[in-house]
1. Output the antiparallel fraction of DSSP beta bridges having both residues in chain C, as a percent to the nearest 5.
2. Long-range amide H contacts for residue B:200: which residues qualify at under 5 Å (H placed 1.01 Å from N, peptide plane, sequence gap of 5 or more or a different chain)?
3. Just to verify a number: FRET efficiency for residue B:284 and residue C:44, C-beta to C-beta distance, R0 = 60 Å, to 0.05?
4. GNM, chain C, Cα, under 10 Å: largest mean-square fluctuation among C:52, C:247, C:26?
5. Please list, in chain and number order, the residues 5+ apart from residue A:253 or on another chain whose amide H is under 5 Å from its amide H, with Hs placed from the backbone.
6. Could you work out [θ]222 nm for the protein assembly as shown from helices alone, using -39500 (n - 2.57) per DSSP H run of at least four and dividing by all its residues? Round to the nearest 500 deg cm²/dmol.
7. According to a simple spin-label model (label point 7 Å from Cα along Cα-to-Cβ), what is the distance in nm between residue B:95 and residue D:261?
8. Which distances, in nm and shortest first, link the residue C:230 label point to the same label point in every other copy, taking 7 Å along Cα→Cβ?
4 protein chains.
Amino acid sequence: MLNSHLSKPLCIGLVGAGRIGKVHAQSLQRAGATIAMIADPFGDVAEMVAAQFGIARWTKDACELFRDPEIDAVLICSPTHSHDKHAEQIIEAAENKKHIFCEKPVDLELDVVNKVIKATDDAGVKLMIGFNRRFDTNFVRIKQAIDHDEIGKINMLRITSRDPGPPSVSYIKSSGGLFRDMTIHDFDMARFLVGDEVDEVYAMAQSVNPDIAAVGDIDTAVVLLKFRNGVICYIENSREAAYGYDQRVEVLGAKGSVACDNKHSNQVVVSTNESVRRDLPLHFFLERYMDAYVAEMEAFIRVCTTDGVSVPVSGADGREALLLALAANKSLAENRPVKVDELRQLS
Amino acid sequence: MLNSHLSKPLCIGLVGAGRIGKVHAQSLQRAGATIAMIADPFGDVAEMVAAQFGIARWTKDACELFRDPEIDAVLICSPTHSHDKHAEQIIEAAENKKHIFCEKPVDLELDVVNKVIKATDDAGVKLMIGFNRRFDTNFVRIKQAIDHDEIGKINMLRITSRDPGPPSVSYIKSSGGLFRDMTIHDFDMARFLVGDEVDEVYAMAQSVNPDIAAVGDIDTAVVLLKFRNGVICYIENSREAAYGYDQRVEVLGAKGSVACDNKHSNQVVVSTNESVRRDLPLHFFLERYMDAYVAEMEAFIRVCTTDGVSVPVSGADGREALLLALAANKSLAENRPVKVDELRQLS
Amino acid sequence: MLNSHLSKPLCIGLVGAGRIGKVHAQSLQRAGATIAMIADPFGDVAEMVAAQFGIARWTKDACELFRDPEIDAVLICSPTHSHDKHAEQIIEAAENKKHIFCEKPVDLELDVVNKVIKATDDAGVKLMIGFNRRFDTNFVRIKQAIDHDEIGKINMLRITSRDPGPPSVSYIKSSGGLFRDMTIHDFDMARFLVGDEVDEVYAMAQSVNPDIAAVGDIDTAVVLLKFRNGVICYIENSREAAYGYDQRVEVLGAKGSVACDNKHSNQVVVSTNESVRRDLPLHFFLERYMDAYVAEMEAFIRVCTTDGVSVPVSGADGREALLLALAANKSLAENRPVKVDELRQLS
Amino acid sequence: MLNSHLSKPLCIGLVGAGRIGKVHAQSLQRAGATIAMIADPFGDVAEMVAAQFGIARWTKDACELFRDPEIDAVLICSPTHSHDKHAEQIIEAAENKKHIFCEKPVDLELDVVNKVIKATDDAGVKLMIGFNRRFDTNFVRIKQAIDHDEIGKINMLRITSRDPGPPSVSYIKSSGGLFRDMTIHDFDMARFLVGDEVDEVYAMAQSVNPDIAAVGDIDTAVVLLKFRNGVICYIENSREAAYGYDQRVEVLGAKGSVACDNKHSNQVVVSTNESVRRDLPLHFFLERYMDAYVAEMEAFIRVCTTDGVSVPVSGADGREALLLALAANKSLAENRPVKVDELRQLS
């Protein structure tokens, strides 16, 4: 018999057919959503990815997608080199009454971010920012340990975040620098776990890689955050960890600590006359956060399809993380602790 | 533009809309295959699962599915209480020239299994048995360590296999007993890793659970296997591990050992004034082997769609595992080591 | 001022200045005991070890030591090649009213062991056997978990016991074979942890090393023990683990499991682009059980100096372990499960 | 025969019969040294400890000990509340040509430390400071990994150092504050591992415990060190970790990382239906560093008895660690990064 039960799921438009666009396409499939259209300025790429994921329509023009009446919600995954377009795409989508998921960064400048937030508020659409780590089982479990009082009141927090290797110099030049490109995820994680805002920021850094130094960026840094409630957070970043992606958190509370180790593809240990060893951790964010991306898309679908569900990572969350990155930049430039309010008042 | 690239993937029919049927439906989706029809004697269940997974057609009559010309390959996932039908369903499917994936057990009796193998051989279709653990990243990595000579020639092998709790007594009564129902996976794992056949079997067991004892079965056992090449394997089973599913392997070779620990949903450690603890391992096979099921389906699709690809778990593999289970039963009944050839010659 | 508080501790005589004799000398020092005399047929060795450990007197003749009135208790640590003298030395010491600590084995033959036990009973002296593993912090903690009902009633027990490499063939020839030389420690551990006696034994083994095969011994074995209370124990031995000494235990109970990993000299992990690795476990028994030897000596001193303290590892414990080794030998020779009572009745 | 080989070992005088004095007494015994005399202003305690460790003589007057011609070297382990006497005791001992081992801190003031170093230099005696962690197997192994180029050039370093609970408020009041009392060990560890001097220090801290706040000290802190060679080090301290003593180090280099976990008394894991757990780490420094104390004493004996052996932890090392503590204090007071040279020039 024919199956007459196929109900109409949320209808999504995907902007960007690059690496992260494909990750979200796959995640949306696993989450059971339908992608109606994909847009990418490179039409052949759009067509190929459409074929790969069974997406019915493709276009070179994102505006066509934003204006399509069939589409309920859009994912903005434009490639990094065009992130200056994220803001205008969000505004365009908002004006067409689409709910919006946007990969970080919304923008590198605070006033643009403020404009974007105002546009989505005015349009009454939902805006969710792609801080995917909030959906990782390790960090969700750590948040739960805090919320369920398994470790008592928090006093200190460490976030270790290291990439397996640096991106290209051309990427780095347009990235906004380490703090806005990479640490921004850690700033969000710190706020997510502590549940309060930061008062003061101090950053210490160096450039181990001469190519990165040459373009005026850093690749090795520790950033200290003093939260308003007294919690001290230290984030440490490196662009290059030879053993692969390293994403760990450790929280010390009055009644104990909670910490996570990295994820590995297997739990196998090989013992020989030389060592007791295991394989490297999952190599980079695509491997490490594959399941987190699915959970993130499930959350976005829930936000778009259920009344009264608040956005788990809002535009305001994006702005706060950016503020911390700007404060870290200022701290580094002036070699002094910087109050976040110094920057907040400027905006 | 309309997407004109959607090529026709392998067209699959799914027999059985129960727990494992749904697992495979999900895995096939993730593996990118199309399920054209689902069959289950309970029509409403078939219809509901069809709706859930976007399967176009459903039927109460598996024969309708076997005879459908659109379908290239079938998955036989009939519920356990009807496994006496697995064999006739395979034969029916083979006569209709479908490739077949069959959940274990093909049958509890050796002569029936032989008949099934002959039928698929005669029809020239491929038969793959659902020993899903061969596709788990841990066991694949252990096999790789052996094959790549990381630990030298194998001398000993331990397989730990414990369920989080016993199934219902009614299930146990029709299961064929611990060795044919549960240990059969471990027998297959032993053969997979050692790459040789077993010469002799000795089993020691007890029934901790009085309900299981009452129906004449055991729940706690150690089975020793002496392989023809001298390797000693010990399998240990329990129907009840309070902490959850426990699936580990350890191999000792001339140059070292390789072993795996269980998989956990997270890598979080909570330290308090009482203990340093982590959450329990993934609770049971659905959680533990979710990714292995996807890899298994990918392998089956490859087998069906690529010329010359041999079946990774053949009917003969199913028969050998059953032989070991029968030898273990005989060893337990007569309290003596049993040569596998004693049983091989009977069949 | 002069220190007038130095009280007279237990006065000990040490028989044997070889490797294990020196271990006990060091342990006794750390335990705060005084060794008054050392005996070894190689006088120069005795003199050298006496110098090393500040032992006041030495002799080539153990009988001189046994008859010395100053001495309260003796340690019999004669080298392995002369273990046929352990029994007569114990009897001589008992007749001289010394308490006795004897390294395993007391003897390879059951009737000799019975004679020794009778002699110490008749003399009213205490006899303690050197099953040092009972004093290891890991195994003590596992025993505690069982005794304090952390894991409920025991159902299964695994003992892994592997040496880093085989002893010389000449040692093996006079060792009594794998089960009486090496597994005997594991037999004792099984009885210690289960707290019951064994009903039946089955052994499966092979000789990986041709030199060991040539002298009729085995080097790789699994021994199954069925305890009277139903518990199933499997012991697995290898003479050669490339990564070093491997001494682990895992117990499955109704409410959970308790298991231990090996001990390492450090907790350091090195991560490179090849692996995440740590150094090998402590290489052999001298390193692994250094602290256990001290705790063992402390227990012996307590036994000798405190009224009413029962011997933690008695002559009867030594006899039972030997019985299990003899049963394993018989099982291997006849390839059948052997009731321990078959051997008990012979003695 | 009588043992005529007992040679005269190094003859040591021990000043202080408190907790750490007893630790060193025990360590010296295990290291095979002779303690000739013990001094403590509480004569009964001196007498009791002399009895416990077989020390021939005791005195209430440390000067008697310093002037004793039999004594080659002294250990200064005066209780913390009298650390203001460490300096004058060292000077007194130096004038009497004794080699000196002094527990930290030599003094809380830089000019006093300078005077002490000058006195020992002038007298030509050796001065070793009690930074015991340099002798811990974990930190020795990490140093080795660095020195043997297992992880390439160092870029970042984390030192985690947490106590199981705060000392008494009266202790804290005379301790010199967290940085001079507790972090000073971590400052030394940082210099030990990096092998260079620090250029700049920044400290962020809070007082979680109101009693500690009330006496003007802090209990939770992160200190950043920028080394002259560019290495960034972050030290994190807490006076109260509910799960016990926490002493870990992690180093990131160009070719990988090296890190250590805490030490535990056993390697036992208990798995129930609630968690997979192990016992707490070794509770505090006496348990954790027991073996390090022995290695430290062995090093001191070697320094005193062997010509040309340089002191592994010199007076200059003690001074540098104090400088870093003073810089951290200044950074905290003025909430700015502080150049170490600012303080160096003052002294």
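No lab work stands behind these numbers, since they all come straight from the coordinates. All figures in this text were calculated on a predicted structure; none of them were measured in a lab. All Cβ positions, glycine included, derive from the backbone under ideal geometry; neighbour counts span all protein chains shown.
1. Taking every DSSP beta bridge with both residues in chain C, the antiparallel ones total about 55 percent.
2. Amide H to amide H, under 5 Å and 5 or more residues apart or across chains, residue B:200 pairs with B:226, B:340.
3. 0.35
4. Of C:52, C:247, C:26, the most mobile in the Gaussian network model is C:52.
5. Here the answer is A:155, A:258, since their amide H atoms fall under 5 Å of that of residue A:253.
6. Helix contribution divided over all residues of the protein assembly as shown: -11000 deg cm²/dmol.
7. Taking the simple label geometry, residue D:261 and residue B:95 are separated by 5.9 nm.
8. 4.0, 5.5, 6.8
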